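A.B. asks: Handing you a structure now.
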Amino acid sequence: MQALRVYFPLCILIKKYTLNLSLANNEVFNLEYNTERSHLIIPEYGRHFQKMVDYAMSIEDDEKRNEIAQAIISVMGNLQPHFRDVPDFQHKLWDQLFIMSDFKLKVESPYPITSKEMLQERPAPLSYPQNFPKYRFYGNNIKLMIDVAISWEKGDKRDGLEYAIANHMKKCYLNWNKDTVEDKIIFKHLHELSDGQIDLAAEGENLTDSGQFLKNKPAKQNSNRSNNKKSRTSNSNTNNRNKKRY
């Protein structure tokens with residue numbers, strides 16, 4: 001009797017162990033690897049959303065399929081609450097739903113459905129200004145500013161713009177040449193770039209002094225560093241004086 005009492009619990013334990021072992025083996029053999037899974041079209045939503053979309057495509061009933069699509073859209077909106085105030089937010093969610101289904105999901109959308117061809121269509125190339133100015137250190141925008149000044153009627157407003165353009169040209173010149181530049185050189189370049197329509201040399205204008213343009217930030221930083229070094233040395237000297245000597 002005692003041997004039977006020990007045998008039956010042992011048999012139960014062995015059966016439980018074999019059952020758990022078989023379940024574990026099934027779970028191991030039924031694992032899904034990423035190499036065997038389908039491609040995620042929008043990885044930001046994850047694998048579960050892709051499975052939800054695939055399940056919606058497998059539904060044959062149109063009414064139920066539309067309900068599932070509405071539920072997916074609501075969950076997608078809950079995942080991105082910070083985009084609720086963005087205009088056409090719902091339209092973007094519906095577009096993403098159709099993109100995740102590879103445009104195979106047949107549901108009633110409240111917005112016009114974007115076609116796959118329109119999504120894959122390449123945008124038109126942007127025209128890049130192929131300008132080769134003679135004085136490249138002034139930049140391309142200076143020519144546009146000069147053209148605007150020429151288009152204005154002569155008066156105080158145009159004179160002020162021409163003077164501002166000349167000062168800007170002088171500042172750009174000094175960015176590349178860290179030396180003083182005479183105003184007559186700037187006036188000559190401005191006269192040449194404007195095709196002779198702007199002549200500040202004849203008007204006797206004087207531009208801002210080069211020294212004011214050359215007062216840049218690195219010089220101030222160097223002075224601050226020197227002041228910091230002086231304060232550190234003075235503090236170290238006071239600390240050395242306060243130390244006790246034995």
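The values are calculated or read from the model by the stated rules, or taken from the named source; none is laboratory data. From a predicted model like this one, the values you see are computed outputs, not experimental measurements. Cβ atoms come from the backbone with ideal geometry, glycine included; neighbour counts cover every protein chain shown.
A.B. asks: Looking at region 63-81, is at least one residue of a type outside the set (A, V, I, L, M, F, W, C), outside any helix (DSSP H, G or I), out of contact with any strand residue (DSSP E or B) (no Cβ under 8 Å at 6 or more places or on another chain) and loosely packed, with under 13 Cβ neighbours inside 10 Å?
C.D. replies: Scanning region 63-81 turns up no residue that is of a type outside the set (A, V, I, L, M, F, W, C), outside any helix (DSSP H, G or I), out of contact with any strand residue (DSSP E or B) (no Cβ under 8 Å at 6 or more places or on another chain) and loosely packed, with under 13 Cβ neighbours inside 10 Å.
A.B. asks: Another question, then. Return the residue satisfying two criteria in turn: it lies in region 82-121 and is of a type in the set (K, R) and within 21 Å of the chain's Cα centre (by Cα), and of such residues it is surrounded by the most Cβ atoms within 10 Å (Cβ to Cβ).
C.D. replies: K92
A.B. asks: In region 103-134, what count of residues is obtained for those that are more than 19 Å from E67 (Cα to Cα) and assigned to a loop (DSSP other than H, G, I, E, B)?
C.D. replies: 16
A.B. asks: Residue check, N206 against (1) modelled with pLDDT of 60 or more; (2) under 40 Å from the mean Cα position of the chain (by Cα); (3) not acidic (D, E), all met but one. Which one?
C.D. replies: The failed condition is (2).
A.B. asks: List the number of the failed condition for G196; all other conditions in (1) touching a helix residue (DSSP H, G or I) at 6+ places or on another chain (Cβ under 9 Å); (2) not in a helix (DSSP H, G or I) hold.
C.D. replies: (1)
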